[in-house]
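Below is one structure, written out as structure tokens; the observations come after it.
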Amino acid sequence: MNVEDFGYFAFLVVIALIAIPIRRSRKKKKKQRSRNRYYSTYNPQVAHQTYQQQVQYTMTPRSTFDMENLLEDLKLTDAPVIQRAINGFQVETSEDHRYSLFSEIKIIEQQNSFLKVYCTLRKIIPSSLEIRRRSSIVVQAQNEIKIPQLDNFFSIVSEHQDMWFAILHNHELIHRFENLKDHLEFLYISEDHMVAIVDKDYAVRPMLDLTLVLHENLRDLAGDVSEYHVEQLKCYNCDDPFDPLEEVCDKCGAQRPRCMICYLDLKPSDKQEVVKHPCCQIYSHKHHILSWLKKNNKCPNCHTDLSHWSKKLLLQ
Ligand SMILES: [Zn+2]
Ligand SMILES: [Zn+2]
Ligand SMILES: [Zn+2]
């Protein structure tokens, strides 16, 4: 081999040493990409999908409830605002709808294959009622209301025992409760909302109807107590309604609107007295954060120095 041939051979070896590893790593990357694509079809759908897509999503074989049927059964398909909720839907009802007692109805499928129904009441007479399936009770409650026909199935509790005893004694109501005895786990009616847990989608409508009748009777009996409008707690970021136990907005992921200083919920009508911290995107009543900053210049949440901001706030 002469020097020229040797040079050419060495050149070929160098090219091969560079090209082979590059080709291998390219192949590896390509393989990874296709694997990623494969997995991405299983990613959960993004939050801002339309309601129609969400209904299809909830009707994949894994879901035990037929949400679309449920909407039709409740005659809610024409409601002006039907939105997605994680594993379910939420509907704003109009004043002339059958369920106009509720300004909003939210139905969510829970992991243990129960349905949670949450409704914000439009107006209510101040009172509360809690009904639990007897088999799921560990400790006997004190204010129990004794309705002999229902005693084997439900534990019924309220602070307004006499009033609710009179109402629940109504035969029509007893009959409705008996029909629900195998499907109703829990029903709670408070001053401003109602929550129920049922195990079958076809139990939702009788349960909502039962609540309507309960409310009618309550109004007849406590007629001298004036009703008042309920203001619903809504996400400060996207206006999605919050239920009483929700800590994070199920639509946009924002925190429940709460004053950082007094920890009270912040209703939409509080917005004028509320300020957003520049440091960590949380809220406080303006006068509460101002009195906090008088003693301490730092954000109570993230400890950023806020002395400049407090001067600005005072001028507003
Ligand atoms: Zn939100
Ligand atoms: Zn406050
Ligand atoms: Zn902060």
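Applying the condition of being open to solvent by less than 30 Å² (accessible area, probe 1.4 Å) and not in a loop (DSSP other than H, G, I, E, B) to the stretch 268-306 and asking which residue is farthest from Glu231 (Cα to Cα) yields Leu293.
Annotation: of all residues in the stretch 253-262 being open to solvent by 50 Å² or more (accessible area, probe 1.4 Å) and not basic (Lys, Arg), the one that is nearest to ligand 1 (Cβ to nearest atom) is Gln255. Are any residues in the stretch 102-127 open to solvent by less than 30 Å² (accessible area, probe 1.4 Å) and under 27 Å from Lys146 (Cβ atoms), and if so, which ones? Within the stretch 102-127, Val117, Leu121, Ile124, Ile125, Ser127 qualify. Listed residues Asp243, Asp162, Asp239; which is farther than 30 Å from Glu92 by Cβ and of a type in the set (D, E, K, R)? Going through Asp243, Asp162, Asp239 in turn, the sole match is Asp162. The residue list Asp265, Asp243, Asp250, Asp220 contains one member that is loosely packed, with under 15 Cβ neighbours inside 10 Å and more than 15 Å from ligand 2 (Cβ to nearest atom), which is Asp220. Being touching an Asp or Glu at 6+ places or on another chain (Cβ under 8 Å) and either touching a residue at least 24 places away in the same chain (Cβ under 8 Å) or more than 16 Å from His193 (Cα to Cα) (or both) is not true of Lys146.
The rows are residues; the columns are (1) among the hydrophobic types (A, V, I, L, M, F, W, C); (2) open to solvent by 80 Å² or more (accessible area, probe 1.4 Å).
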| position | (1), (2) |
| --- | --- |
| Val138 | yes, yes |
| Gln142 | no, yes |
| Lys146 | no, yes |
| Asp151 | no, no |
| Ser155 | no, no |
| Trp164 | yes, no |
| Leu184 | yes, no |
| Asp199 | no, no |
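The number of residues in the stretch 260-309 that are in contact with an Asp or Glu (Cβ under 8 Å, 6 or more places away or on another chain), within 15 Å of ligand 3 (Cβ to nearest atom) and within 18 Å of Pro241 (Cα to Cα) comes to 0.
The values are calculated or read from the model by the stated rules, or taken from the named source; none is laboratory data. All of these numbers come straight from a predicted model, not from anything done at the bench. With ideal geometry, Cβ positions are generated from the backbone for all residues, glycine too; neighbour counts draw on all protein chains shown. Side chains included, ligands, DNA and RNA excluded: accessible areas come from the protein's heavy atoms. Shrake-Rupley method; radii C 1.70, N 1.55, O 1.52, S 1.80 Å.
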